[in-house]
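Report on the following structure.
A short reminder: the numbers here are calculations on the coordinates, not readings from a lab. The structure displayed is predicted, hence computed values, not measured ones. As a convention, Cβ positions derive from the backbone with ideal geometry for all residues, glycine included, and neighbour counts pool all protein chains shown.
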2 protein chains.
Amino acid sequence: MEGVAIIGAGQTRYGDFPNKGVKELFAEAYLEMLQSVDQSLDPQMIQAAYIGCLSAGSGFQLGQLAPLLMGHVGLPNVNAVRIENACASGGFALYNAACAVASGKFDLVVAAGVEKMRDVSSSKGRYWLGVSGDTEYERLAGSTFAGIYALMAARYMHEYGLKREHLSMVAVKNHKHAVANPKAQFRKEITIEQAMNGVPVAHPFNVWDCSPTTDGAAVVLLCNAKIARNFTSKPVYLKGFGAASDYLAIHDRNSITRLAATRKAAAEAYKQAGIGPGDVNFAEVHDCFTIAEILAYGDLGFCEEGRAHYLLEEGVTQLNGKLPVNSSGGLKAKGHPIGATGCGMACEIFKQLRDEAKEPSRQIKNARFALSHNVGGSGGTAAVFIYQRGDE
Amino acid sequence: MEGVAIIGAGQTRYGDFPNKGVKELFAEAYLEMLQSVDQSLDPQMIQAAYIGCLSAGSGFQLGQLAPLLMGHVGLPNVNAVRIENACASGGFALYNAACAVASGKFDLVVAAGVEKMRDVSSSKGRYWLGVSGDTEYERLAGSTFAGIYALMAARYMHEYGLKREHLSMVAVKNHKHAVANPKAQFRKEITIEQAMNGVPVAHPFNVWDCSPTTDGAAVVLLCNAKIARNFTSKPVYLKGFGAASDYLAIHDRNSITRLAATRKAAAEAYKQAGIGPGDVNFAEVHDCFTIAEILAYGDLGFCEEGRAHYLLEEGVTQLNGKLPVNSSGGLKAKGHPIGATGCGMACEIFKQLRDEAKEPSRQIKNARFALSHNVGGSGGTAAVFIYQRGDE
């Protein structure tokens, strides 16, 4: 298997952009990616593109979005394909781009994601996200996406003594991190009192437990590790990549206080990278709802199952803690442009591991290994990646 | 790069199945695939699944169709992902499944496709297929899918002297081939007079120039070539696989009497396999419209550009000809369940190269190499595969 490196990464600011379509968003992220490559790269050397998007069924472009976008940035003839696994579409795009490089088929491959959630917002947006669960057993029975995660939160509270304030601590932390991130949708701190008393959504969640509706795009450029230094003095190596699925409907699962897909994907990624959870210096995890970050701590091995809230109490996952989580602000505050989210995490880690986080207040120092974690729906799929800094 | 073999393949009959949903269709094809594996295979050994589908945005299951289907057949925890490139979704599923095996990540991977076109038929179906072109420049300008291919046919006629009867010869040939194929949607011969005088669709096309609206599913099982003989005495090797894109809107292309995506994909596949067009013994090509098969002859190197109709006149691509094309009946008569089509071609070739085509009248004899060719939309994407028989 060939080694895989990331040599460039770019993303739009995340937010609500009524005047930009998917082509504009994608091109903006793609051009920032090109500018991040240190040495001169001829874009015509790019051979393939894996692009994650969920909402491409909504009418703006149903079929073949990937070649449309690559044609728009001047690369009509690459091998371009759309990858879809709901909120993990970007993570699976990155995973399969990595497999393509690892196979030796290609040296230079784009992994990207784009979403225009504004165009599927309001009632249609809620309908859409609902169908990332099981349509027959969940959506048609009336459950919402927030409602399903709320069941997981309630069960975690019942089994492990998680309190309402622990959920809010995730929101407060991630909002705080987002303030210094110029790419984030919500760059404002919230207090624990605010986070505890938002408008109710689905018990025990209020609006501060939920990630927002977001437009955005993210693009990373993967390269065969052997030639990565031809293009940059600071490659970031993708040392491990894992992906897995689970039953979509949560009633089919053995437990709802863990995500089996995350655990299987993490085991694959850790094994390939040859490291364990204790080696990870910082992580971007999938906090579509506050409970999702708490589940991730256990599923990724950062703590034992049922002990995640103690990490929050001890400040371990704050930016200045021992294991910073979601330095970007996470889905909660950086935003959640569905198909782009998994690749956006890679952009954040690329910047951090190259000491290019810009705002000194948010630069994580002396990090060697990082992890990103992207979940589809309520855990129907998950992808996990291990990154290693390359300038050592 | 690891070698890739196909060790099992199964598909539903193609047709109009009002009482079967995507889960039933997929399970039917999956079970036939399992039954085709000679030696005992524990399905739990399957590690990943790449599933092509276009219409998964229509409501029956928007997000994460792939893990839903794999959960339905008892494999909820594999690495499952949906692949979408319109009518080439199945081909790109097969391509990326092959990359995953070639990378060494996996030994056993499902490549599949499924489509329930009945549920998006009538006006919605036409709308759907239209958006496989460029929404802004083609669909919103009023063009239909048939209309775009009709422009290509008219130009080919103008440049190369193709006659209306040459188009009909494709339809007559493929209908004749389908009669003996138990999986085909239309198992009836048509005369050249019928084919010349169908209900007009888009000049120069009549209804006999167009592939039908089809439900169906197809599943193939890929295996690392090193261990293929653990599971079967008759593996079929996937010696080459290529894929490429092009501008979606045909006005952006240099020529409309060739598909650049097919040519690039074919070059990649031939190079990897180490063979040329003259080595191919038979092929399944993408005849969504009759002109598409004619374009394919030139693009795949079976003849010089502009000479394709002479192959038809000489009967070269008939079942008993020197280079049989679409022994299955092709999209025209076997049917075209969009996301399944590319994998269905692999099923036909798997049967033929194992001498298991059943009906003696349709078994192609003494074949060593075969090719399949799957196109997205009007040539926005294409995937090409080279197969080699494995019992030599």
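Miscellaneous remarks
- Summing +1 for each Lys or Arg and -1 for each Asp or Glu among the other residues whose beta-carbon sits under 9 angstrom from that of A:T213 gives -1.
- Residues whose amide H comes within less than 5 Å of that of A:F205, counting only those at least five positions distant or on another chain, are absent (H built at 1.01 Å from N in the peptide plane).
- The stretch B:331-364 residues near the modelled B:D391 label - backbone nitrogen below 15 Å, point 7 Å along Cα→Cβ: B:349-360, B:363-364
- Label-point separation, B:V179 to B:S255 (7 Å along Cα→Cβ), nm: 3.6
- Under-5 Å amide H pairs with A:G15, H placed in peptide plane, nonlocal only: A:D215
- Prolate/oblate/rounded label for the stretch B:1-121 (Cα gyration tensor, a/c 1.5): prolate
- Structure-based [θ]222 nm, the protein assembly as shown - -39500 (n - 2.57) summed over DSSP H runs of at least 4, per residue, nearest 500: -10000 deg cm²/dmol
- Sequence of A:T144, B:T213, B:T191 once ranked by neighbouring C-beta atoms within 10 Å, starting from the fewest: B:T191, A:T144, B:T213
- Mean-position separation - Cα centroids, the stretch A:185-247 and the stretch B:1-66, in angstrom: 32
- Arranged from fewest to most other beta-carbon atoms within 10 Å of their beta carbon, A:D107, A:D16 become A:D16, A:D107.
- Working from Cα pairs under 8 Å separated by at least six residues, relative contact order for chain A is 26 percent.
- For the stretch B:61-118: rounded, prolate or oblate by the Cα gyration tensor [a/c cutoff 1.5]: oblate
- Net charge of neighbours whose Cβ lies under 15 Å from the Cβ of B:R258, counting Lys and Arg as +1 and Asp and Glu as -1: -2
- Along the stretch B:258-265 the Karplus relation, 6.51 cos²θ - 1.76 cosθ + 1.60 evaluated at θ = phi - 60°, assigns HN-Hα couplings of 8, 10, 4, 5, 4, 4, 5, 4 Hz to successive residues, with x for each Gly and Pro.
- For A:R164, inter-copy separations between label points set 7 Å beyond Cα along the Cβ vector come to 7.7 nm, shortest first.
- Put the Cα centre of the stretch B:334-382 next to the Cα centre of the stretch A:339-367 and the gap is 46 Å.
- Kirkwood-based shape ratio for the stretch B:287-392, expressed as Rg/Rh from alpha carbons: 0.94
- Approximate spin-label separation A:A267-B:E189, in nm, with each point projected 7 Å along Cα-to-Cβ: 5.8
- B:G242 sits among other residues whose Cβ lies under 9 Å from its own Cβ, and their net charge, with Lys and Arg +1 and Asp and Glu -1, is +1.
- Pairs from B:K239/B:K322; A:K105/B:K334; A:K234/B:K271; A:K105/B:K365 whose Cα-Cα separation, in the structure shown, is over 27 Å: A:K105/B:K334; A:K234/B:K271; A:K105/B:K365
- Average projection area in nm² (convex hull over Cα atoms of chain B, one quarter of hull surface): 16.9
- Couplings 3J(HN,Hα) of the stretch B:193-206, computed from phi: 5, 4, 5, 7, 10, x, 4, x, 10, 8, 3, x, 7, 10 Hz, in residue order, whole Hz [Karplus 6.51 cos²θ - 1.76 cosθ + 1.60, θ = phi - 60°; x for Gly and Pro].
- Rounded, prolate or oblate (a/c below 1.5 giving rounded, otherwise prolate when a/b exceeds b/c) for the stretch B:171-314 by Cα gyration tensor: oblate
- Peptide packing for A:87-94, A:317-324, B:17-24 was compared via the average number of neighbouring C-beta atoms within 10 Å per residue; ordered from the highest value, the list is A:87-94, A:317-324, B:17-24.
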